[in-house]
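So the structure is just underneath, and the comments pick up after that.
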Amino acid sequence: MAGVNSATVESAAYRRRWWTLGILSMSLLIIGLDNTILNVAIPTLQQEFNASVTSLQWMVDAYVLVFAGLLLTMGSLGDRYGRKRGLQVGLVVFGLSSLFAAYAGSSSQLIAARALMGIGGALIMPSTLSILTDVFPREERGKAIGIWAGVAGLGVGLGPLTGGILLEHFWWGSVFFVNIPVIAIALLAGLVLVPESSDPDPAPIDFPGAILSIAAVTTLVYFIIEAPGHGWTSAFVISGLVAGLVLIGGFIWWEIKTDHPMLNLDYFKNPRFSAGAGAISIGFFALFGMVFGMTQYLQFVQGFTPLEAGLRMVPVALGMAAGAGMSHRFVGRLGSNKVVAAGLVGLAVIFVTISFWEPDTSYWVIGFTFFFLAFSMGNVMAPSTDSVMGAVPEAHAGIASAMNDVTRQVAGAFGVAVIGSVINTVFTGRMSDAAASLPPEAAAVASDSVGAAARVASMLPPELGAGLITAARSAFTDALGFAVLVAAVIGVIGAVLVGKFMPARHLPAAVPSPTAAADDDLSGTKQASESTTH
């Protein structure tokens, strides 16, 4: 009787799989939005709270730091205690912390709220992908992951536009309050449409591994974030990065040594897992670094308001959705390795074209560039994610999903830090002559960033101010052009490595075990049942 009930539940879950994907995508959408929606509100928050530069930075980074640090642990707990349960708890935490953020009365309260949102995000994101992997059979999973990846990119691209529209018509807290109705719908619909799943034979909780992973990722991300401000060669940053690498080494040592590792490192022996994770890292390094530079280019160089800049970033969302959505068809014809490698080459080529931009480059050029850049990224993101998830037994989908997400966050933070450092270094060098006639204090401020140069220019006599802002726009465009060439080189290197090491099709799971074998048997039974149903 239990077998009949199990089959009935499984059949119902299969029939509702596309509805389930809709709820998972809705849950994921708020994560993507939250990654970028706050950027357009920073000037407003600075005025509202009279916030320091450090406070503004931590309004953004507190979320990233907590989110990245907890992903592996939350993914592992989802496998053990239930992925639907993890998703629902994450949505509740994210919703309550969004409400706290919307009505925060100080910078410190908002930073605390953002950290709590990171906890919710770390529960939500790996749960969505691991539930998807459990619900969809192998032959449909590539298409489903393509939609999942497209929605993730859609949220990132629509964040600036949504934030701009809300700030135009409502108070600053609306950029957080907008999460509440989406979360309410996802929670209520998810109770019915999202099935529960977990590891049928969970190992004991790996407490040392969890502690080491949190400490390692948090330390590494923190010092990557701090590096541009302190300087990459400062003792503070070098010692912090070394500490992060030592903690990673300790985590690896423990996971090899323990009988029940949180993350089985043998997964990396599967080239689809390791190459997929590497391709995701390279793609997000380039994408996050590019978005960091482009938002400044649109507002400070081209002179658009936050709302206008957000509207002009919409092609990023459309391109990501189109590229990720179509990628499974390309993979079916060409194989994952060729599609991902072509996507990375596409990124590199487009980055090279950006290096030819001028301060007054037409938006038609910019818009088409954004679309094809994101289209290429979609063809990297979706097949690489499918490669990672397909290389791991379904019982461990939560930890695999978390590993997939950790690579994005760490690589994205690294991309912003490195690309930002290159931009700042080149910008400062280019501005030395233009700022030489200013008082030393004003010259130092004007050479710090294009936004700072604009503020200094607004306080100067019109003729001097116009000359300074023209020089700053030209210097930033040159700096951006140099930075994207760095990203292009990394993209080409990634394409070569993916083309060489990533298999075109799925291989058996990297870690054959009784659990994995049971999973394979269940998967075969599931697919046979599905065929009978149809």
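The values are calculated or read from the model by the stated rules, or taken from the named source; none is laboratory data. None of the values given here were measured: they were computed from a predicted structure. Methodologically, a virtual Cβ is constructed for each residue, glycine included, from the backbone with ideal geometry; neighbour enumeration extends over all protein chains shown.
Checking the structure you have, find out if any residue of region 409-426 is of a type outside the set (Gly, Ala, Ser) and farther than 22 Å from residue 355 by Cα. Yes, that holds for at least one residue.
Of all residues in region 112-153, those being part of a helix (DSSP H, G or I) and within 20 Å of residue 276 (Cβ to Cβ) number 26. Candidates are the residues of region 167-179 that are part of a helix (DSSP H, G or I) and touching a residue at least 24 places away in the same chain (Cβ under 8 Å); the one that is farthest from residue 49 (Cα to Cα) is 179. Would you say residue 36 is at pLDDT below 75, among the hydroxyl-bearing types (Ser, Thr, Tyr) and touching a helix residue (DSSP H, G or I) at 6+ places or on another chain (Cβ under 6 Å)? So residue 36 passes the test.
Of all residues in region 457-480, those that are touching a residue at least 24 places away in the same chain (Cβ under 8 Å) and buried (at least 20 other Cβ atoms within 10 Å of the Cβ) total 8. Looking at 332, 420, 323, just one residue is part of a helix (DSSP H, G or I) and touching a Ser or Thr at 6+ places or on another chain (Cβ under 9 Å), and that residue is 323. Based on what the data block shows, is residue 244 touching a residue at least 60 places away in the same chain (Cβ under 8 Å) and assigned to a helix (DSSP H, G or I)? Answer is no for this residue. Right, residue 218: over 23 Å from residue 408 (Cα atoms) and among the polar types (S, T, N, Q) or not? When the stated conditions are applied, residue 218 does not pass them. Against the list (1) over 22 Å from residue 76 (Cα atoms); (2) of a type in the set (Ser, Thr, Tyr); (3) at pLDDT 85 or above, the condition residue 219 fails is (1). If you go through region 245-258 one residue at a time, do you hit one that is among the acidic types (Asp, Glu) and touching a Leu at 6+ places or on another chain (Cβ under 9 Å)? Yes, region 245-258 contains at least one residue that is among the acidic types (Asp, Glu) and touching a Leu at 6+ places or on another chain (Cβ under 9 Å). Regarding residue 46, is this residue more than 25 Å from residue 212 (Cα to Cα) and at pLDDT 80 or above? Taking the combined requirement at face value, the residue does not satisfy it.
Can you spot a residue in region 360-376 that is among the acidic types (Asp, Glu) and in a helix (DSSP H, G or I)? Checked region 360-376: no residue is among the acidic types (Asp, Glu) and in a helix (DSSP H, G or I).
Checked against the criterion of being free of Cβ contacts under 8 Å to residues at least 12 places away in the same chain, part of a helix (DSSP H, G or I) and on the phi < 0 side of the Ramachandran plot, the candidates 109, 88 yield just one match: 109.
One residue stands out among those in region 319-352 that are buried (at least 17 other Cβ atoms within 10 Å of the Cβ) and free of Cβ contacts under 8 Å to residues at least 40 places away in the same chain: the one that is nearest to residue 146 (Cα to Cα), which is 346.
Scanning region 356-372 for residues that are surrounded by fewer than 16 Cβ atoms within 10 Å (Cβ to Cβ) and either closer than 17 Å to residue 289 by Cβ or of a type in the set (Asp, Glu) (or both) yields 358, 360. Taken together, the residues in region 249-282 that are over 24 Å from residue 495 (Cα atoms) and in a loop (DSSP other than H, G, I, E, B) amount to 7.
Here's the yes/no breakdown for (1) within 17 Å of the chain's Cα centre (by Cα); (2) within 25 Å of residue 330 (Cβ to Cβ):
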site: 353; (1), (2): no, yes
site: 357; (1), (2): no, no
site: 369; (1), (2): no, yes
site: 379; (1), (2): yes, yes
site: 383; (1), (2): yes, yes
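The single condition from (1) farther than 23 Å from residue 66 by Cα; (2) surrounded by fewer than 23 Cβ atoms within 10 Å (Cβ to Cβ); (3) touching a residue at least 40 places away in the same chain (Cβ under 8 Å) that residue 144 fails is (2).
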